[in-house]
Amino acid sequence: MSKIEEKETFIYKYDHFSYTMNKKIYLDESEMPREWYNILPDLPEPLPPPLNPATGKPISPKDLEPIFSKELIRQEMSQERFIPIPNEVLEVYRIWRPTPLIRAYRLERALKTPARIYYKHEGVSPPGSHKPNTAVAQAYYNFREGVERLVTETGAGQWGSALSFATMFFGLKLTVYFVKISYMQKPYRVALMRAWGAEVVPSPSNKTKYGRSILEKDPNNPGSLGIAISEALEDATSHENTKYCLGSVLNHVCLHQTIVGLEAIRQLELLNEFPDVVIGCIGGGSNYAGISYPFYYLVKAGKAPKKIRFIAVEPTACPSMTKGVYMYDYGDTAGLTPLIKMHTLGHNFVPPPIHAGGLRYHGKAPSMCLLKKAGIYESIAYNQVEVFEAARLFAQTEGIIPAPETAHAIKAVIDEAIKCKQTGEEKVILFNFSGHGLLDLAAYQDFLDGKLQAYEHPIEEIQKSIERIKRLLLERGITP
């Protein structure tokens, strides 16, 4: 049975005693969704097809088989609206799912806002984020097809941790290419991956031909997700019984994450609530897709009681959706991946070494970019100093330390709640608390010591990067 837990807590505040309410909404295991939602049939127009990087022609499923599991390829291109979750995946999900929906009363009161703020707490998973929702599924499908080893990349370590956790359950080997700056900033993420059995390699590395070429040009290169993806792909395609896994961007990844939003819909129904605003941070887009796509479906199907504003949040140091161009580009720096149409800063883009490593990606999920192009989704960017200020307020009110990535969403939530205070509107704000920050305390220490820089990537550099990509595509006969 579902449970709404309410606890009155006696707290001291503003030199007098007062009461605050802590409300958590739990679902029973029997209420966990048994299907994922696939947004492809409900997009405002069909996605532009991925292109073969060698021919410039639309790729076929066969083209992807050297890289991905066959079932994941099928899901990537499926027009089936709801896809069943295998029992073996549900069995692992039960370790931490369903996750609680929590009303942020203390944050509301600190902001003196009439808004009602709810967050879906995905930080309760063993790796500490939303990432296992797709990691477990990807590991299972590869295991079922006889794959022995997986290879991936990770930006902040959340995805690498999640896939390490998932492969452990299915007896698969795993190699993780960890963006070097984050590898250095987050040693305990490395320890966590290794504890679950993964090999962890700082990227760029000497382990691959592409990594060596990068280090020859720049021995101190801090790395990027694009570089790490290139190394992982080279590794995966040059070894037997090995496949590649991706933690964001692609449709099958976003699909697996929709269990978050599907649970949130049911939890809000128990409270007779429905969001006016749905907010999430975006690196590749999977955690925000996870919470927002099921609500988009309700709007699209005419089942929503009111309109929803969808707000995606990213860093000013890597503003792919806010300042990037909607065009075809590679998903990696070496140009090994299919070309996909998305908002991009250019695949050669190397962002500054901000602490939100999971948001340092040059592109975004094609489905989400199409929704932005159609004016259905909005995007906004913040610098890391103001983001950590928001994180500190959340920690001091709700008591939970958010990951730097999650803190971007929290900053937008706070801004929206302040607007409600100014207008008197009693809006319902929902956001995805995509991960905790207990392995990111070095970042908090830098913030508290005043060492963080408010990076904002120059628009001139973005324009140069985009022009280089356009010239490259035109040389290959591809219209950007």
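Computed values, structure above
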| quantity | calculated |
| --- | --- |
| Protection proxy ranking of 274-287, 63-76, 378-391 - average other beta-carbon atoms within 10 Å, highest first | 274-287, 378-391, 63-76 |
| Burial ordering of 239, 408, 436, 252, fewest other beta-carbon atoms within 10 Å first | 239, 436, 252, 408 |
| Relative contact order (percent, whole number), the stretch 25-149, Cα cutoff 8 Å, 6+ residue spacing | 28 percent |
| Convex hull volume per residue in cubic angstrom - Cα atoms of the chain | 139 Å³ |
| R0 of 30 Å, Cβ-Cβ distance residue 442-residue 212: FRET efficiency to nearest 0.05 | 0.55 |
| Per-residue Cβ neighbour rank within 10 angstrom, fewest leading, 342, 32, 321 | 32, 321, 342 |
| Total formal charge among the other residues, if their Cβ is under 10 angstrom from that of residue 227, Lys/Arg +1 and Asp/Glu -1 | -2 |
| The chain - percent relative contact order, Cα under 8 Å, separation 6 or more | 18 percent |
| Helix-only [θ]222 nm of the chain, DSSP H runs n ≥ 4, -39500 (n - 2.57) each, per residue, nearest 500 | -12000 deg cm²/dmol |
| Relative packing of 421-429, 34-42, which averages over residues the other C-beta atoms within 10 Å, highest first | 34-42, 421-429 |
| Which of 135, 124, 104, positive extreme of dipole for the stretch 65-140 (C-beta unit charges) | 104 |
| Distance violations [Cα-Cα > 18 Å] among 131/306; 120/323; 24/120; 307/372 | 131/306; 120/323 |
| Extended-chain gain in nm, criterion 0.36 nm per residue less alpha-carbon gap, residue 80 and residue 453 | 129.7 nm |
| Nearest-0.05 FRET efficiency for residue 300 and residue 145, computed from C-beta distance (R0 30 Å) | 0.35 |
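Any read-out appearing in this document is the output of simple, stated calculations on the displayed coordinates, not a laboratory observation. Predicted model only: the values in this text are computed from it and were never measured. So basically every Cβ, Gly included, is an ideal-geometry build from the backbone, and we count neighbours across all protein chains shown.
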